[in-house]
Structures are given as structure tokens and as C-alpha cells.
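Below: one structure, written as C-alpha cells.
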Amino acid sequence: MEGLIGVAIILAYVIGFATLCGSIFEGKGYERGVGNLVGGLLGIFGLLIAVVLPDRIKRKAYEEQARSAAAVQMAMATNIEKIASRPETAGTKICPDCAEAVKLDARICRFCRHEFASA
Ligand SMILES: [Zn+2]
């Protein structure tokens, strides 16, 4: 009888850790089954592994955000460079609203009526 209780307690631990690790793994973007296996086999150590595991979902979102921000920045930089290096745009400024080249002294954009702050 006592042996049976011992087995039941061990089983409960294994299932508990397996379930816990499975949900942590899944929450971080990994296979739930792998988490179940790690938790079931390693118990508390499996749980530790699950806790220190890098978060795949968060990292992916962060990387995507950083990539798109860099792309936008690069596109803007090349665009401004391109416009500024055109010979017909020498002595002009770029309207922030319509991106057309306007004379440096202009106070109002001739394309969209954007008012420039008087310098
Ligand atoms: Zn304009």
C-alpha cells in the first residue's frame, strides 16, 4: 500500500512538472510536447530549463520591429539624399507634408499650402 502511494506521488510530480513545463514551453513559442518531455524526465530541473529558455515569440516580434524601423529609416535617408542631390532641387527645401522641393525662402509650399515655420 505504501509503495503504491509513493508511486502515485511520484506520478503526480511527473505529470505536474510535465504539464507545467509544457505550458511554459508553449507560451514561449516552442512545442508543448517537448516541454512535457523535459518536465516529465527532469522534474524541477526541467522547470528551471523552461524558465531560463529564451522567449521565441517576444524575440521574433522584437526583431521584426527593429528590422522594419531600420528599413523605414534607410528608405527615408536615401530618399532625402536623392532629392537633395538633384540639380533642380539646389537651393530648395523639402516640404514635410508633400515631399516636393520648395524654394528655401518660401513660407508656404506651392504644392500643398503647407506653412513653414519662419526661421
Ligand atoms: Zn507641400
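Points to keep in mind about this one:
- Of all residues in region 1-37, those satisfying the criterion of being surrounded by 15 or more Cβ atoms within 10 Å (Cβ to Cβ) and either aromatic (Phe, Trp, Tyr) or not assigned by TED's automatic domain parsing to the domain that holds Ala50 (or both) are Phe17, Phe25, Tyr30.
- Output for region 1-32, where each listed residue is of a type outside the set (Val, Ile, Thr) and either touching a Lys or Arg at 6+ places or on another chain (Cβ under 9 Å) or under 17 Å from Pro54 (Cα atoms) (or both): Leu20, Cys21, Gly22, Ser23, Phe25, Glu26, Gly27, Lys28, Gly29, Tyr30, Glu31, Arg32
The values are calculated or read from the model by the stated rules, or taken from the named source; none is laboratory data. Note that the coordinates shown come from a computational prediction; the quantities given were computed from them, not determined experimentally. Counting neighbours? That spans all protein chains shown, and the Cβs are built from the backbone with ideal geometry, glycine included.
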